[in-house]
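Only one structure is covered here, and it is reproduced in the block below.
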Amino acid sequence: MLLSETPTKEQARKRPTREDAEAAVRTLIEWSGDDPEREGLLDTPARVARAYEDFFAGYETDPKQLLTQTFEETDGYDDLIVLRNMRLESHCEHHIVPIIGKAHVAYLPAGRVVGISKLARVVEAYSKRLQIQETLTAQIGDAIWEALQPRGVAVIVEAAHMCMTTRGIRKPGVSMVTRYFEGDFKTNTAMRQEFLSLLHAPSGSFG
């Protein structure tokens, strides 16, 4: 970096150490009214730090990079590609409590396709960050749209937010639905309806 350049916020921010994170957990335990030194809580700070590594592993992944390897050998297939009912686990950025639900992703290829596990990994990478569902849905859709340049992309996320069901207004059984449509899914009503109808079609367990 040149001396005349001003460091960005990301460059200026130093990531805390694991020891810092564990100390913060001990502080929260004590603030909550318990004793972080009692036997049952002695290892809790380390366990929480390890859990956070899993919960927020998406910060270590570039979702768009996952979509860089595509395949052209499709024998001319150019119809809908749909992944239904992908379990989604995220955390609300306002309260850091779980968001649990499922995601449905579809695209219309324009000559090239991507391995379906990569689509699932994109969902996973964005989910494992602090999120709001609206942003999460748009991020998944935008990544597929920009990386694959297909004729259309559709994403639907349905999830329950523990910040609403276990605290505050406490309304269990409520789920939130967000949608993203781009390309043909946005402009072609029949195509959009076909995608939506597939989400309600019977599905089986195949392995």
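For segment 128-207, averaging the sequence separation of C-alpha pairs within contact (under 8 Å, six or more residues apart) and dividing by the residue count gives a relative contact order of 28 percent.
Note on Lys102: lysines with a C-alpha under 16 Å away, same-chain residues under 8 apart excluded, are Lys128. Please list, by residue number, everything in segment 75-111 whose backbone N is under 17 Å from a paramagnetic label point 7 Å out along Cα→Cβ of Phe56. 89-99, by backbone N distance to the label point. In the context of the full set of protein chains, segment 34-191 has a per residue accessible area of 54 Å² (1.4 Å probe). Computed from backbone phi with θ = phi - 60° and the Karplus coefficients 6.51, -1.76 and 1.60, the 3J(HN,Hα) list for segment 148-156 is 8, 6, x, 7, x, 9, 9, 9, 10 Hz; x is used for glycine and proline. With an a/c value of 1.5 or above and a/b larger than b/c for the gyration tensor axes a ≥ b ≥ c computed over the alpha-carbon atoms, segment 39-84 is described as prolate. Of the solvent-accessible surface of the chain, computed with a 1.4 Å probe and all protein chains present, 52% belongs to carbon and sulfur. Against the chain, whose longest principal axis is taken from its Cα atoms, helix 116-127 shows a tilt of about 40°. Taking each residue as 0.36 nm, the span from Glu19 to Ile100 lengthens on full extension beyond its C-alpha to C-alpha distance by 26.2 nm.
You can think of it this way: the chain between Thr68 and Ser175 has 35.2 nm of extra reach, that is 0.36 nm per residue less the Cα-Cα gap. Coupling constants for segment 97-109 follow from the phi torsions by the Karplus curve (6.51 cos²θ - 1.76 cosθ + 1.60, θ = phi - 60°), and in residue order they are 10, x, 10, 10, x, 8, 10, 10, 10, 9, 8, 9, x Hz; glycine and proline get x. For chymotrypsin sites (Phe, Trp or Tyr not before Pro), the sites in segment 32-132 that DSSP calls loop and that have at most 11 other Cβ atoms within 10 Å are Tyr77. Would you mind finding the longest exposed-site-free stretch of the chain, with exposed trypsin sites (Lys or Arg not before Pro) meaning DSSP loop and at most 14 other Cβ atoms within 10 Å? Here the longest run is 39-111. Considering only Ala154, Ala138, Ala190, the mean-square fluctuation computed in a Gaussian network model of the chain, springs between alpha carbons under 10 angstrom, is largest for Ala190. When the Cα positions of Met176, Ile116, Gln139 are compared along the charge dipole of segment 116-188, Met176 comes out farthest toward the positive end, with charges on each C-beta of Lys, Arg, Asp and Glu.
Do any of Lys64/Lys171; Lys118/Lys171; Lys14/Lys64 go past 27 Å between their Cα atoms, and which?
From Lys64/Lys171; Lys118/Lys171; Lys14/Lys64, over 27 Å: Lys64/Lys171; Lys118/Lys171.
Each helix, a run of at least 4 DSSP H residues, gives -39500 (n - 2.57); summed and divided by the residues of the chain, these come to -11000 deg cm²/dmol at 222 nm. Backbone amide hydrogens, once placed in the peptide plane, bring Gly115 within less than 5 Å of nothing, excluding anything fewer than 5 places away on its chain.
The values are calculated or read from the model by the stated rules, or taken from the named source; none is laboratory data. Computed from a predicted structure; not experimentally measured. Backbone-built Cβ (ideal geometry, glycine too); neighbour counts: all protein chains shown. Side chains are part of the model used for accessible areas, which takes the heavy atoms of the whole protein and leaves out ligands, DNA and RNA. Shrake-Rupley method; radii C 1.70, N 1.55, O 1.52, S 1.80 Å.
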